[in-house]
Amino acid sequence: MILIASESLYFYISFGVIKMNNIDVLGALQQAIQTSELIANVAKLKEQTGGNHLTAAQITKLKKNGNFAEDWEKIKVADGFDPDRVRNSMFYGEVYIGKFDENISVETGIELPSGIYNSTIVNTIIGDNALIYSVKLLANYWIQEKAVISNVGELATRKATSFGNGVELSLAIETGGREVKTYGEITVEVATKIASSRKDKNLLAEYEKLVAEYVNKATSSKGIVCEGAMVKNTNKVLETFIGAFGIIDNANIVLNSTLLSNKDEKTEISNGAYVKNSIIQWGSEVTSNGIVDSSVLTEHSHVEREGLVTNSILGPNTGVAEGEVTASLVGPFVGFHHQSLLIAAFWPEGKGNVGYGANVGSNHTSRVPDQEIWCGEGTFFGLSVDIKFPANFSQSPYTILATGVTTLPQKVAFPFSLINSPAEFYPGVPPAYNELIPGWVLSDNLYSVKRNEGKYMKRNKAKRSKFEFEVFRPDIIDLMLDARKRLQAASGKEVYTDKDIKGLGKNFLLEKSRKKGIETYTYFIQYYALLGLKKKVAEVLTTKGKSGLDVLLSTPSDCPRWEHERKILRSELGDKSIPDCLKMLAKMQQDIAKSVQLSREKDDERGVRVIPDYLEARKPAVEDSFVKETWKLTETMVTEIDALLGQIEQ
């Protein structure tokens with residue numbers, strides 16, 4: 001039931017969230033065409049007409065203020081135009097100038113009079129109370145109201161542009177095969193569906209057609225700087241759309257790109273950043289010499305400290321610093337904060353980490369670089385790991401590849417595992433194999449799993465993307481069930497390889513680890529189902545009373561989640577009564593809280609042995625904020641269970 005039965009089921013299992021398959025890609029793109037702020041602004045630009053010819057008195061005043069025009073007849077102005085707010089500037093072609101009667105904030109605590117000063121303007125529309133100051137060339141742009149263009153070398157549109165939309169990205173395979181064309185509002189889910197649906201030629205053709213429609217409607221002969229946006233201290237910005245309140249400040253160069261932004265989610269390109277042929281969505285940032293080329297940064301992602309992202313998509317809340325991401329689809333909440341490499345990766349679920357020196361990209365084997373890696377949700381690539389391609393960890397969510405591990409090309413299907421360099425070699429096991437310990441993350445490092453679950457929820461800034469923060473959910477549990485089944489089917493050896501247990505990849509498994517893996521998977525499979533029972537019991541007691549519990553476990557349900565949990569309860573716990581199940585859950589929750597604290601205490605114990613004043617500089621495990629939060633949740637749950645038992649047994 002869990003193994004591959006069809007292409008759609010395959011991706012359900014591999015990537016953990018059923019929406020990856022069921023998302024209406026074409027509907028999402030059609031909606032984007034209807035609601036896109038970029039397309040809406042391009043349409044409004046075409047409606048920009050009117051204005052008054054300058055009066056003789058205004059022209060005289062403008063000349064007196066040091067201004068020059070190639071043809072004063074081509075300059076149109078708004079009602080209330082004040083020529084004293086235009087000084088030492090030159091105008092060529094058709095220019096529209098709004099009225100200037102307010103001061104504009106250019107820095108915190110600093111305001112300057114709106115107007116045009118010391119600048120060269122060509123075929124440009126300038127809205128009310130914009131500030132154009134010290135711009136060497138402003139050409140073919142619509143500058144909307146209260147925008148600031150200051151100390152800029154060149155802000156220009158030299159040719160018709162679609163602002164970086166329609167760029168084809170070679171995701172997961174550098175040489176092509178999973179190409180996805182971009183548009184302003186593209187999401188990781190849409191890109192995942194297109195990249196993984198290569199057999200669905202109709203879908204791909206319809207997608208291409210709609211992207212072409214989007215690009216056509218987004219194409220403009222003028223660039224656009226929207227209301228309240230700022231372009232400052234930057235040498236060159238060409239063919240770029242800058243959304244409302246977006247910021248380009250001290251950037252190196254920005255070319256042919258779309259910056260989606262609003263007042264509450266300001267997009268920022270700053271401090272030496274280089275952006276080309278890219279889409280930078282709401283609340284995202286490229287700074288401190290970051291480079292983004294032919295890529296998409298979805299909402300609230302960032303690239304900094306000389307990070308390099310090319311031909312890739314970054315999911316919401318994902319950050320790249322110092323390292324390189326190339327030809328990859330990277331999902332949400334991925335931490336990438338040191339010099340390391342991620343190349344040709346298909347990682348739609350994200351929620352993982354790439355450690356310093358990690359080389360997740362050994363696809364250059366003197367042959368064509370057409371190999372790829374499929375990462376699982378929550379994968380942790382440790383320090384200096386070397387991952388050889390092709391590789392598939394998509395069925396091993398929340399697995400840790402330990403420091404210094406070198407992996408051979410392989411597919412691994414054991415969730416929550418540790419892959420580590422072998423402590424010793426065993427007869428019949430190739431020396432290049434690593435040791436795999438299934439379920440180790442749950443049995444020995446539960447603190448990290450539960451902490452991340454809460455951390456992602458608290459740190460999420462995305463407003464348009466929906467995430468599954470819950471680690472123990474049906475698709476993950478199904479992977480654990482399948483992994484346990486394969487472990488249970490083997491026995492009688494001290495050391496196992498993939499010949500004995502499918503899914504081990506190029507790793508070996510010790511008998512003691514097999515037994516512990518079965519035990520660990522069983523524990524958390526039952527924990528998941530018992531949590532579902534607690535929720536369902538509370539619901540039934542509220543709506544039907546005690547009598548509704550009589551057939552609760554024996555009656556199939558049309559609620560997919562509860563039916564999944566119910567079947568597991570029946571198969572795992574047999575005829576155990578509901579009160580006994582609830583008591584079992586209370587005990588398990590207390591044990592889990594102890595395990596979370598214990599896994600944190602291991603750090604303290606090791607630290608004290610190594611660093612003399614370790615605890616003087618850190619809070620002990622018992623005072624750790626997440627440990628305390630776990631105990632608080634446990635106390636609440638036990639209290640709730642006691643209350644449910646009281647209702648059942650009264």
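Miscellaneous remarks
- Here region 461-509 has an Rg and Dmax of 16.4, 53 Å, counting Cα atoms alone.
- Rounded to the nearest 5, the antiparallel percentage of DSSP beta bridges internal to the chain is 10%.
- Among the protein heavy atoms, those of Arg459 account for about 150 Å² of accessible surface (1.4 Å probe, every chain in place).
- Rounded, prolate or oblate (a/c below 1.5 giving rounded, otherwise prolate when a/b exceeds b/c) for region 543-588 by Cα gyration tensor: oblate
- Averaging over all projection directions, the Cα-based convex hull of region 211-334 occupies 7.0 nm² in the image plane.
- Glu94-Gln31 FRET efficiency (beta carbon distance; Förster radius 25 Å; 0.05 resolution): 0.10
- Computed packing ranks the peptides 113-119, 628-634, 395-401 as 395-401, 113-119, 628-634, most packed first, by mean other Cβ atoms within 10 Å.
- Computed over region 72-136, the range of Cα coordinates on each principal axis works out to 38, 27, 17 Å, biggest value leading.
- Here is the size of region 360-437 from its Cα atoms: Rg then Dmax, 12.4, 35 Å.
- Measuring with a 1.4 angstrom probe and ignoring ligands and nucleic acids, Asp79 comes out at about 120 Å² accessible.
- The fraction of all Cα pairs in region 433-590 landing in successive 5 Å bins from 0 to the largest distance is 1, 8, 15, 17, 16, 15, 13, 9, 4, 2, 1, 0, given as whole percents.
- Cross-link partners of Lys515 among aspartates and glutamates (Cα-Cα below 12 Å; sequence separation of 8 or more within a chain): Glu494
- Mean Cβ neighbour count within 10 Å, used as a protection proxy, ranking 614-622, 269-277 highest first: 269-277, 614-622
- Span-rule helices in the chain, defined as complete DSSP H runs reaching 27 Å or more along the axis (Cα) with Kyte mean at least -1.0: 511-543, 578-610, 625-649
- Across q = 0.13 Å⁻¹, region 529-624 modelled as identical point scatterers on its alpha-carbon atoms has Debye log10 I(q)/I(0) values of -0.59, in the order of the q list.
- Antiparallel content of DSSP bridges confined to region 398-509, in %, to 5: 50 percent
- Most to least packed among 322-331, 212-221, 134-143 [average Cβ atoms within 10 Å]: 322-331, 134-143, 212-221
- MRE, 222 nm, helices only [DSSP H, n ≥ 4, -39500 (n - 2.57), over the chain, to nearest 500]: -10500 deg cm²/dmol
- At 0.692 mPa s and 37 °C, Stokes diffusion of the chain via Kirkwood alpha-carbon radius, µm² per second: 119 µm²/s
- Those lysines that a straight Cα-Cα span of less than 24 Å connects to Lys388, excepting residues fewer than 8 apart in one chain: Lys351, Lys411, Lys499, Lys502, Lys506
The values are calculated or read from the model by the stated rules, or taken from the named source; none is laboratory data. Source: prediction; values computed, not measured. Don't worry about glycine lacking a Cβ; one is built from the backbone with ideal geometry, like all the others, and counts go over all protein chains shown. What goes into the accessible areas is simple: the full protein's heavy atoms, side chains included, and nothing from ligands, DNA or RNA. Shrake-Rupley method; radii C 1.70, N 1.55, O 1.52, S 1.80 Å.
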